[in-house]
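S.K.: Take a look at the following structure, please.
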Amino acid sequence: MKLNKKQALFPPLVFNVFKPARITSYDVVRHFKRHLPQGFGKIGHFGTLDPFASGVLMIGICGAARLNDFIHDFLPKTYLAVGKLGIETPTGDYTSEIIQRDESLYLNREIASFSREFIEEKLREKFIGDYWQAPHKFSAAKHMGRNLHEWAREGIEVKKEPVLRKVYKIEVVKYAFPYLSIRVEVSSGTYVRTLFTDMCNYLGTLGSLISLVRESVGPVTYKTALKMKDWPQDKTLPIISRGMKIEDVLPFTKLKLDEKQTLTFKNGGFLRPADLNVLQESSLSQNYFWMLDESEKLLGLGEKTFPTELKPKINFHSEVEVPSSSDHDPQ
């Protein structure tokens, strides 16, 4: 079966991949791009992980990557950050040299005497809720089309305005002076390196990370992530069965359309909620809905418009059924 290399044969899928430390997010995407079976369409990831960090990296194929903004807007991220008090590095992690030490930390043992519970209470009081944060100078945030870390490594520090982020949960997992382990649940776009530094500053000292693990993105957790030994190697179909349906990742209500409604949606037409009995049983406060045909094949994402209409927000156009292993051409 000869295929156009960009032709999507499969439904929009998300691979939950565990990215090891010391490789880039693009290294992972490149591996999948080279080893997935033909017919995966376009590919992309949902949120970069720094090379020194490990954990959940979600990779979308067959149009799923078009939901990138929705993943960021609707799904919080959980990280386990382990850092050392009393040191500061330019990058906020162990990948660069120590440029400052808090010598008083070992002379005045007050911070060393803090209990885990005391630190947790203080950090929750200060950081839970709205959190204004400027992108770290050693980050992938953009300035004039280039990453901030590229400017920084050339000796040019670009100041970006603080952006409102959210901190939902803080748990001090362990405190063994001078090492502090913290689990945080935050909104997308939060730089945990900067958050950890800010937390240490609030406690009265310096701080820098020695490890960072992204444990989850919404319902997608590291416990079910594909380790390197499970990554695709030979362009065979079984890896496709390890993909998650995009409609199971984002928590939007699913609406099943009849034949006429399906045709209307595919053609970009508007649908009236009054015509969708399932919608009447759903929360009308929702703005987005997964649209499925009668066979429960995903058609796309519908958006509720003022006052009583649904319009296609994202339309998936693949009409080709998944081939069996016997008629699939891996070349």
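S.K.: Name the residue, out of VAL172, VAL186, that is open to solvent by less than 10 Å² (accessible area, probe 1.4 Å), within 16 Å of THR48 (Cα to Cα) and in contact (Cβ under 8 Å) with a residue 12 or more places away in the chain.
M.R.: Exactly one residue qualifies, and that residue is VAL186.
S.K.: I need the full set of residues from segment 172-204 which are among the hydroxyl-bearing types (Ser, Thr, Tyr) and part of a loop (DSSP other than H, G, I, E, B), in order please.
M.R.: SER187, SER188, THR190, TYR191
S.K.: Going by the structure shown, is GLU125 at pLDDT 95 or above, in contact with a strand residue (DSSP E or B) (Cβ under 9 Å, 6 or more places away or on another chain) and not in a loop (DSSP other than H, G, I, E, B)?
M.R.: Against the criterion (at pLDDT 95 or above, in contact with a strand residue (DSSP E or B) (Cβ under 9 Å, 6 or more places away or on another chain) and not in a loop (DSSP other than H, G, I, E, B)), GLU125 does not qualify.
S.K.: Scan segment 76-91 and tell me whether some residue there is of a type outside the set (Ser, Thr, Tyr) and under 13 Å from the mean Cα position of the chain (by Cα).
M.R.: yes
S.K.: I've got another one for you. List pairs: first residue in segment 104-129 and within 26 Å of LYS169 (Cβ to Cβ), second residue of a type in the set (Gly, Ala, Ser) anywhere in the structure, Cβ distance under 8 angstrom, at least six positions apart or on different chains.
M.R.: ILE111/GLY204
S.K.: For the subset of segment 25-38 comprising residues that are without any contact (Cβ under 8 Å) to a residue 60 or more places away in the chain and over 23 Å from ASP93 (Cα atoms), which member is most open to solvent (accessible area, probe 1.4 Å)?
M.R.: Filtering segment 25-38 for residues that are without any contact (Cβ under 8 Å) to a residue 60 or more places away in the chain and over 23 Å from ASP93 (Cα atoms), the one most open to solvent (accessible area, probe 1.4 Å) comes out as ARG34.
S.K.: Okay, next question. If I filter segment 51-109 down to residues being among the charged types (D, E, K, R) and open to solvent by less than 20 Å² (accessible area, probe 1.4 Å), which single residue comes out as farthest from HIS31 (Cα to Cα)?
M.R.: Filtering segment 51-109 for residues that are among the charged types (D, E, K, R) and open to solvent by less than 20 Å² (accessible area, probe 1.4 Å), the one farthest from HIS31 (Cα to Cα) comes out as ASP93.
S.K.: Just one of ASN315, ASN287 is out of contact with any Gly (no Cβ under 9 Å at 6 or more places or on another chain), at pLDDT 85 or above and either open to solvent by less than 50 Å² (accessible area, probe 1.4 Å) or within 20 Å of LEU257 (Cα to Cα) (or both); which is it?
M.R.: Residue meeting the stated conditions: ASN287.
S.K.: Considering only segment 110-129, how many residues are under 29 Å from LEU57 (Cβ atoms) and either touching a helix residue (DSSP H, G or I) at 6+ places or on another chain (Cβ under 6 Å) or open to solvent by 90 Å² or more (accessible area, probe 1.4 Å) (or both)?
M.R.: Looking only at that region, the number is 2.
S.K.: Between a residue in segment 191-208 that is surrounded by fewer than 19 Cβ atoms within 10 Å (Cβ to Cβ) and any residue that is basic (Lys, Arg), which pairs come within a Cβ distance under 6 Å, given they are 6 or more apart or on different chains?
M.R.: The qualifying pairs are TYR202/LYS126.
S.K.: Looking at (1) more than 19 Å from ILE210 (Cα to Cα); (2) modelled with pLDDT under 75; (3) touching a strand residue (DSSP E or B) at 6+ places or on another chain (Cβ under 9 Å), which is the only condition MET144 fails?
M.R.: The one condition MET144 does not meet is (3).
S.K.: Select from segment 41-62 the residues that are in contact (Cβ under 8 Å) with a residue 40 or more places away in the chain and assigned to a strand (DSSP E or B) and write down the one among them that is farthest from LEU299 (Cα to Cα).
M.R.: SER54
S.K.: Here's something else I'd like to know. Would you pick out the residues in segment 39-50 that are of a type in the set (D, E, K, R) and buried (at least 22 other Cβ atoms within 10 Å of the Cβ)?
M.R.: Residue satisfying the conditions is ASP50 alone.
S.K.: Can you tell me which residues in segment 216-251 are farther than 30 Å from MET291 by Cβ and open to solvent by 20 Å² or more (accessible area, probe 1.4 Å)?
M.R.: TYR222, LYS223, LYS227, MET228, LYS229, ASP230, GLN233, ASP234, LYS235, THR236
The values are calculated or read from the model by the stated rules, or taken from the named source; none is laboratory data. Predicted model only: the values in this text are computed from it and were never measured. Glycine gets a Cβ as well: all are built from the backbone with ideal geometry, and neighbour counts include every protein chain shown. For the accessible areas, the whole protein counts, side chains as well, though only heavy atoms, and no ligand, DNA or RNA atoms are used. Shrake-Rupley method; radii C 1.70, N 1.55, O 1.52, S 1.80 Å.
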